[in-house]
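Beneath this line is the structure, given in structure tokens, with notes to follow.
The values are calculated or read from the model by the stated rules, or taken from the named source; none is laboratory data. Everything numeric here is computed off the predicted structure, so don't read it as measured data. Cβ: placed from backbone, ideal geometry, glycine included. Neighbour counts: every protein chain shown.
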Protein chains: 2
Amino acid sequence: MTIEQYFQQVGQQARQAARHMARASRGDKDRALAEIATSLKQQRASILAANAEDMAAGKSSGLEASLLDRLELTPARFDAMIEGLEQVMALADPVGEISDLKYRPSGIQVGHMRVPLGVIGIIYESRPNVTIDAAALCLKSGNAAILRGGSEAIRSNRAIAVCVSEGLIAAGLPGTAVQVIDTTDRAAVGEMISHPEYVDVIVPRGGKSLIERISREARVPVIKHLDGNCHVYIDDQADIDKAMAIAINAKTQRYGTCNTMETLLVAEAIAAQVLPQLAEVYLAKGVELRGCAASRALVPAMNEATEQDWAEEYLAPILAVKIVANMDAAMDHIARYSSAHTESIVTENWTRARRFLAEVDSSSVMVNASTRFADGFEYGLGAEIGISTDKIHARGPVGLEGLTSQKWIVLGDGHVRG
Amino acid sequence: MTIEQYFQQVGQQARQAARHMARASRGDKDRALAEIATSLKQQRASILAANAEDMAAGKSSGLEASLLDRLELTPARFDAMIEGLEQVMALADPVGEISDLKYRPSGIQVGHMRVPLGVIGIIYESRPNVTIDAAALCLKSGNAAILRGGSEAIRSNRAIAVCVSEGLIAAGLPGTAVQVIDTTDRAAVGEMISHPEYVDVIVPRGGKSLIERISREARVPVIKHLDGNCHVYIDDQADIDKAMAIAINAKTQRYGTCNTMETLLVAEAIAAQVLPQLAEVYLAKGVELRGCAASRALVPAMNEATEQDWAEEYLAPILAVKIVANMDAAMDHIARYSSAHTESIVTENWTRARRFLAEVDSSSVMVNASTRFADGFEYGLGAEIGISTDKIHARGPVGLEGLTSQKWIVLGDGHVRG
């Protein structure tokens, strides 16, 4: 069987399963999630054995330490997979929600009904726990899923796929509602992204180059997240204590996350008051500072920032710092360099807060809060399939609702158009 | 200047104007619409003269009669353009609407704010009145627009573009917020659809082949509408009078619209009661009927339907007719052949109505109403940029809201993540 034939089979099965999933009740879907959890517990030993084989193969082929770390199913990660399933069970079912039902002058009643997207394709790295996360979210939102994890995790993913399929069948749902691509051939990705007749949307999760390639080549809509180049702007009417707390938290609470601040913008009129004491904390925590000339005049320990620094997502203890004339200059800088992920202003000024909220065109815009809050769990979505920096469909953290859309419904009593 | 250089200039101007438009107040935007209307009235003679030149050129180059008809700016169409502007002025401004603002356990308040998409590219046929419609909707929704009408209308569109630009400037908005592509070079379309840095979404309006080509080649998200292969299913528990009224209205109220019924499905148990009298009305109205074997046994005047008929969007007085065993068979037929535009069931049965609404995966799903209602005006959108048969972002009639999306906003008081 060629890879084209294999994917055609997978695609047809997914399309068929999707119709079944779209009409599954919340009860059925939650039962499937519970059955998958049971199956995972029963198969724990064999899944961990498969993962050990993946790890051994990864080590012998010289896989990087950071990739080996993500590949490993530690006991804690295994427990977290099961906990994740229970969390998704507890979430409300978005499917079938009817809203805005209104009578029109013609007498018909018109409104929206929330419905699954159909078949979701997810392309991700060699992180076997993502297989369960992604399966659970697609299943609960009434979609069928085609999952393509990194090839280093193929044995782990195969073992997990068996549990998912068993759980679906035990709950009376099609075992093909979640399919894990069972080949390490890279051509499978090419197939997944080029068949709108089988796949309704692609969610790539992974490195920037993978996501860029998929966006460029996909013939299927993509919900994507490229970088998180997030900004905090400290306005000259900021409360200094709040500014300190937010700027430190946004950078240092975690360095490697996409909602971490990468550039700090400070209003000229308040810079001398806030920047030296902030720099002291950053430097004590081992954060390298890269500043504009004006910043370096206030904090000589800063390195010099280059043009490249304003566009950089460091994901590391490095921070770019720039002194700006005022909020307009800050918003100009953000419009030019931001990746449209998350930006925050620290100010006590009502008018500026309202303008910043309205005018900054990012997926999350904040007033007096740390950028680290930009997260599906913090926003109350219960779970997150990713963070979209696209403009259409879903922006920011994407939860169950982002895997659905709304169709129109019309209720009549024999109504015809005049 | 090459076409690439020309488009780069247009794109940069649009991107810049979009930031300005995003923060324009409703007052400013409505003032611009009013000024455009004033300018159109003043320039009426010169616009009609330009249109007469387009018509003369079209005739001498042998343009089809139907295309000449669309190209012509009759006095009635000119008045309708001005009326359209007034209607869009009366619509509520969707931009800035804040919804779902809720406190989270962390203390932050999280919600959504509705924002423009940015720059909308619209590619359409040689219909100069669409230039004003599209400009008005993009402007009111706070977007910048790049409009590319058919080359036969270039003189009319140029003359209209002057009014739009004058109106924007008179209201203090950037004259480049709406730009009409001022070249008939087809390469301009290629440029529009391949620069996500300048264009956020493309809306193609026109023939199926154009839309297919754009969807295939676009590197920018597309809000598209391919066919309307719409179905009415008459259930065996239908009220006969309602079934007659709906089936006749859905087919014969207008033949050339995308929400016209193209296939009628009738439950076996009611076919003998309803189909002969329906056929009589259709035939009297000059509708050609193409039926399955069972239908033809009841109505010998029917022609024979081929496999191709089930997939056809006739846009003409032709109707495919099929007798099906029951609602499940009807839904299977719809899942296989429908273009996911609009489907309607006629039934008095509560459970079947609920199932049909939930399970049919089309952009509009109706109970006891004519498919002809699937329309932005009938749904209360006030205006319509098109009807989307896509699944993500906007489905069905797309009005002002479909040209916006929602970002997240977070309000805090110095909140940091623990």
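Taking the stretch B:41-71 as the search range and keeping residues that are among the acidic types (Asp, Glu) and part of a helix (DSSP H, G or I), which one is farthest from the chain's Cα centre (by Cα)?
B:53
Going by what's in this entry, would residue A:293 be described as farther than 19 Å from residue A:230 by Cβ and of a type in the set (A, V, I, L, M, F, W, C)?
yes
Check whether at least one residue in the stretch B:94-115 is crowded, with 16+ Cβ neighbours inside 10 Å, more than 14 Å from chain A (Cβ to nearest Cβ), polar (S, T, N, Q) and more than 16 Å from residue B:153 (Cα to Cα), and report yes or no.
The answer is no, given that none of the residues of the stretch B:94-115 is crowded, with 16+ Cβ neighbours inside 10 Å, more than 14 Å from chain A (Cβ to nearest Cβ), polar (S, T, N, Q) and more than 16 Å from residue B:153 (Cα to Cα).
May I ask you to list the residues in the stretch B:1-40 that are assigned to a helix (DSSP H, G or I) and hydroxyl-bearing (Ser, Thr, Tyr)?
B:6, B:38, B:39
Name the pairs: first residue in the stretch A:294-306 and closer than 14 Å to residue A:270 by Cα, second residue in a loop (DSSP other than H, G, I, E, B), Cβ to Cβ under 7 Å, at least 6 apart or on different chains?
Pairs that qualify, where the first residue is closer than 14 Å to residue A:270 by Cα and the partner is in a loop (DSSP other than H, G, I, E, B), are A:295/A:302.
Checking residue B:222 against (1) facing another protein chain (nearest Cβ under 10 Å); (2) in contact with a Ser or Thr (Cβ under 8 Å, 6 or more places away or on another chain); (3) of a type in the set (Val, Ile, Thr); (4) surrounded by fewer than 21 Cβ atoms within 10 Å (Cβ to Cβ): exactly one of these is not met. Which one?
Result: residue B:222 fails condition (4) only.
Could you check the stretch A:335-418 for strands (runs of 3 or more DSSP E) lying wholly inside it with 1 or more residues that are surrounded by fewer than 21 Cβ atoms within 10 Å (Cβ to Cβ), within 10 Å of chain B (Cβ to nearest Cβ) and of a type in the set (Asp, Glu)?
In the stretch A:335-418, A:404-415 are the strands (runs of 3 or more DSSP E) which contain 1 or more residues that are surrounded by fewer than 21 Cβ atoms within 10 Å (Cβ to Cβ), within 10 Å of chain B (Cβ to nearest Cβ) and of a type in the set (Asp, Glu).
Can you find even one residue in the stretch B:210-224 that is more than 18 Å from residue A:216 (Cα to Cα) and polar (S, T, N, Q)?
Checked against the condition, which is being more than 18 Å from residue A:216 (Cα to Cα) and polar (S, T, N, Q), the stretch B:210-224 yields no hits at all.
Rundown of residues vs (1) touching a Leu at 6+ places or on another chain (Cβ under 9 Å); (2) more than 23 Å from residue A:362 (Cα to Cα), yes/no style:
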{"position": "B:171", "(1), (2)": "yes, yes"}
{"position": "B:174", "(1), (2)": "yes, no"}
{"position": "B:177", "(1), (2)": "yes, no"}
{"position": "B:181", "(1), (2)": "yes, yes"}
{"position": "B:184", "(1), (2)": "no, yes"}
{"position": "B:190", "(1), (2)": "no, yes"}
{"position": "B:194", "(1), (2)": "no, no"}
{"position": "B:200", "(1), (2)": "yes, no"}
{"position": "B:207", "(1), (2)": "no, yes"}
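Which ones in the stretch B:299-317 are of a type outside the set (Ser, Thr, Tyr) and surrounded by fewer than 18 Cβ atoms within 10 Å (Cβ to Cβ)?
Matches in the stretch B:299-317: B:300, B:301, B:303, B:304, B:307, B:308, B:311, B:313, B:315, B:316, B:317.
Can you find a residue that is at pLDDT below 95 and either buried (at least 21 other Cβ atoms within 10 Å of the Cβ) or part of a loop (DSSP other than H, G, I, E, B) (or both) anywhere in the stretch A:82-90?
No, that holds for no residue.
Looking at residue B:388 and the list (1) polar (S, T, N, Q); (2) modelled with pLDDT under 95; (3) over 29 Å from residue A:120 (Cα atoms), which single condition is not satisfied?
Exception for residue B:388: condition (3).
Being within 14 Å of chain A (Cβ to nearest Cβ) and of a type outside the set (A, V, I, L, M) is the filter here, so list the residues in the stretch B:238-257 that pass it.
Those that are within 14 Å of chain A (Cβ to nearest Cβ) and of a type outside the set (A, V, I, L, M): B:239, B:241, B:242, B:249, B:251, B:252, B:253, B:254, B:255, B:257.
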